[in-house]
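**Q** One structure, pasted below without further comment.
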């Protein structure tokens, strides 16, 4: 199998390219812009943007802090993102351990 981004030969069962680090095969970025529960630091806005655009979450958080310090609008943009972006639905187990989205969200 070949990486679609860098063109190098990678393992057939690889989820990430060992050369460029991009996601390949069945692992794709989220389709919706949401704030995930797992891995969030404050409200999950930076993590949601990082997953949506397939970027490193540390890079997104760093850029957000730099914009907040030097630009001044980063904090306001974070609060707007917190309000506008929907939270990821919670998964509940039903019966034999099958997880389904809860209806309470």
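**Q** Could you tell me the calculated FRET efficiency between residue 40 and residue 90, based on Cβ-Cβ distance and R0 = 22 angstrom, to the nearest 0.05?
**A** Rounded to the nearest 0.05, the efficiency is 0.95.
**Q** Over segment 9-89, what is the relative contact order in whole percent, taking alpha-carbon pairs under 8 Å and six or more residues apart?
**A** Value for segment 9-89: 26 percent.
**Q** Can you give the FRET efficiency for residue 82 and residue 6, using 1/(1 + (r/R0)^6), R0 = 30 Å, r = Cβ-Cβ distance, to the nearest 0.05?
**A** Efficiency, rounded to the nearest 0.05: 0.25.
**Q** Further question: Label residue 23 and residue 68 with points 7 Å out from Cα along Cα→Cβ: what is the distance between them in nm?
**A** Going by the 7 Å Cα→Cβ label model, 2.5 nm.
Every number here is computed from the coordinates shown, using simple stated rules; none is lab data. In this text the structure is predicted, and so the values were computed from the model without any measurement. For neighbour counting, all protein chains shown are included, and Cβ atoms are generated from backbone atoms with ideal geometry for every residue, glycine included.
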